Amino acid sequence: MAAPTGTRHRDAARVPVRGLTVLYDARCSLCAFVRDWLVEQSQLVPLTLVPAASDEARKLFPGLDHRATLDEITVVGDAGQVYRGAAAWVVCLWALREYRALAHRLSTPAGALFARGATLAAAKWRAGRRHSGRWDADARPPSEGWVYEPTAGWLYHAPGCDGGTCPTR
């Protein structure tokens, strides 16, 4: 029985996915946590994690709207497939050995509603954090001594502390 015309582009035998690039917001603590979690998982399809809107991302995918990749997770397949939002989360889970079955459940109509709800909840959390200045890399100018390091988060290097004596405020 032949697949309906509208689903031919999804034929995995014709267009297999051999690798996925996950573009994540390196300034976001939730995104950094998920990045670290993805790296630790057993992967059936290799995941490459690249900071969104970085020079590397722009070089790899010059046709993408890189500003938009900071607003929602974007995953690019090795054959040029682009997944955003809930679909991007589902395809990330699909790439993982322990979560492929869950990804299949989330790709059903009912599962897609759940995935969309989870994505919206994460977006709302991120927006609240961004507007409160708790994780946004632009929230504290470097001139105040704050530096954001993606692996460690916000670090404060007070001016004039080189000799071990730091002025207090």
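The values are calculated or read from the model by the stated rules, or taken from the named source; none is laboratory data. Please read these numbers as outputs of a predicted model, since none were measured by experiment. For accessibility, only protein heavy atoms count, side chains too; no ligands or nucleic acids. Shrake-Rupley method; radii C 1.70, N 1.55, O 1.52, S 1.80 Å.
Proximity of backbone amide H atoms, modeled 1.01 Å from N, is registered between THR74 and LEU23 at under 5 Å, excluding neighbours fewer than 5 places apart on the same chain.
Note on VAL91: accessible area approximately 20 square angstrom, rounded to 10, probe 1.4 Å, nucleic acids and ligands left out. Given a 1.4 Å probe and the protein chains all in place, what does the accessible area of PHE33 round to, in Å² to the nearest 10? Number for this one is 140 Å².
Please compute the Kirkwood hydrodynamic radius of region 19-120 from all pairs of different C-alpha atoms, in Å with one decimal.
Details: mean 1/r = 0.0733 Å⁻¹.
For region 19-120, the Kirkwood estimate is 13.6 Å.
Ranking of SER107, SER54, SER42 by solvent-accessible surface, largest first: SER107, SER42, SER54 (1.4 Å probe, protein heavy atoms only, all chains present).
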